[in-house]
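Read through the structure below, which is laid out as structure tokens, and then see the notes.
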Amino acid sequence: MMGPTHAAAGMLAAEIVLGASHAPPIYWPIGIALGAVAGIIPDIDHPSSFLNQRLPLGSTAGMALNHRHFTHSIVATILFSLYLRWLWPMVPEVLINAAVAGYFSHVLIDPLNPEGDQLLWPLPWMFSFSRILPYPLTFSTEDRMEIVIFRNALWLMVILTVVRPTLI
Ligand SMILES: [Zn+2]
């Protein structure tokens, strides 16, 4: 899955958390931005990802980690959550949860690709919905289904949720 798709999914996941938590309106822009950024973090393990190429330790992470393994797991999501709570102890809980939801959205939608991800790391299995769902419900990265349909559907839901928060 590509960066813009993950950013959109991260924003939508953050919106769901913000809406379900009845977060004050002032938190929404920050929470949605955190969800977008967190949504692209797991791909730091990919050499051509946005963060890998821009962060000082990005290329090191790319060399040390196998793509779609540790960073794409439930364990990594939990560690990310604990890290944020340690890093930002004064930040409201709902914003931390929005960021964690953004991160976890990445872990949840990558299995729509045949490569899947190592959801239960350190257990070795790669998890992919493509084993049980046919195309176009599952698709390859950069496939027209991702770029034209899935990503635009996510962006539409992101916009509709901001315009009409009662949708969640
Ligand atoms: Zn990924």
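The numbers here are math on the coordinates, done by the rules we state, and not lab data. What you see is a predicted model, and the numbers here were worked out from it, not measured in a lab. Glycine also receives a Cβ, built like all others from the backbone with ideal geometry; neighbour counts cover every protein chain displayed.
Here are the numbers:
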item	result
Highest average packing first - 14-25, 78-89, 34-45, Cβ atoms within 10 Å	34-45, 14-25, 78-89
Over the stretch 3-167, relative contact order from alpha-carbon pairs under 8 Å, at least 6 apart, %	27 percent
Net charge of Cβ neighbours under 12 Å - reference PHE139; Lys, Arg +1; Asp, Glu -1	-3
Three-way shape label, the stretch 3-167, alpha-carbon gyration tensor, a/c 1.5	oblate
Rounded to the nearest 20 debye, dipole of the chain from Cβ charges on Lys, Arg, Asp, Glu	180 debye
Within-11-Å neighbourhood charge of ASP43 [Cβ basis; K, R +1; D, E -1]	-2
Chain lengthening between ILE26 and GLN53 when straightened (0.36 nm per residue, less Cα-Cα)	6.5 nm
Spacing of the two label points (7 Å from each Cα toward its C-beta) at VAL148 and TRP88, in nm	3.8 nm
For PHE127, distant residues with modelled amide H under 5 Å away	ASP117, GLN118, LEU119
Phi-based couplings in Hz for the stretch 90-105 (Karplus 6.51, -1.76, 1.60; Gly and Pro marked x)	8, 6, x, 3, 5, 6, 4, 5, 5, 5, 5, 4, x, 4, 5, 4
Neighbourhood net charge (14 Å Cβ-Cβ; Lys/Arg +1, Asp/Glu -1) for GLY3	-3
